[in-house]
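Have a look at the structure below before the remarks.
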Amino acid sequence: MVLAQGLEARWREKERLNAALLAAGEACGLRRFASRPSPACAALEVPASVGAKRFAAALKGMGLHVGGGQGDLAERIVRPSLLGWADGHDLALLAGALEAASRALGLPVEAGAAAGAAARVWEAPA
């Protein structure tokens with residue numbers, strides 16, 4: 001029973017991390033791809049003017065590897081994830097990277113917007 005309660009708490013934490021990551025992406029001009037997102041992966045639609053492959057390449061240039069879309073979604077979505085051993089510090093780093101990549105690729109993102117959006121979700125009472 002204790003293990004099950006621990007797993008449930010961990011899964012809720014992953015849901016909160018992912019919700020905060022989606023908020024960071026939205027603050028950068030990306031759009032939630034799934035209407036019912038998985039706690040495991042934040043699928044974000046990248047504006048066509050930028051393209052998902054370019055966006056993923058910008059993140060890779062910062063040392064961060066994110067999944068891309070497959071098939072007809074290859075140029076539409078990126079799939080960053082905080083599943084595994086990740087916490088609020090990893091969230092802050094990834095939010096900042098999403099913002100930096102967005103700005104580098106010409107999206108109009110106010111400085112601190114992604115980190116602020118992520119923090120508001122992550123730090124909200126559970």
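The values are calculated or read from the model by the stated rules, or taken from the named source; none is laboratory data. Everything numeric here is computed off the predicted structure, so don't read it as measured data. Cβ: placed from backbone, ideal geometry, glycine included. Neighbour counts: every protein chain shown.
Against the definition (within 19 Å of ASN18 (Cβ to Cβ), surrounded by fewer than 18 Cβ atoms within 10 Å (Cβ to Cβ), free of Cβ contacts under 8 Å to residues at least 40 places away in the same chain and not hydroxyl-bearing (Ser, Thr, Tyr)), how does GLY67 come out, yes or no?
Values: within 19 Å of ASN18 (Cβ to Cβ): yes; surrounded by fewer than 18 Cβ atoms within 10 Å (Cβ to Cβ): yes; free of Cβ contacts under 8 Å to residues at least 40 places away in the same chain: yes; not hydroxyl-bearing (Ser, Thr, Tyr): yes.
So GLY67 fits the description; yes.
Restricting to the stretch 29-63, count the residues that are surrounded by 13 or more Cβ atoms within 10 Å (Cβ to Cβ) and either at pLDDT below 95 or touching an Asp or Glu at 6+ places or on another chain (Cβ under 7 Å) (or both).
Total satisfying the criteria: 14.
Pairs only if they're at least six apart or on different chains, beta carbon under 7 angstrom, first in the stretch 25-46 and touching a residue at least 24 places away in the same chain (Cβ under 8 Å) and at positive phi, second outside any loop (DSSP other than H, G, I, E, B) and of a type outside the set (Asp, Glu); list them, first residue then second.
GLY29/SER102
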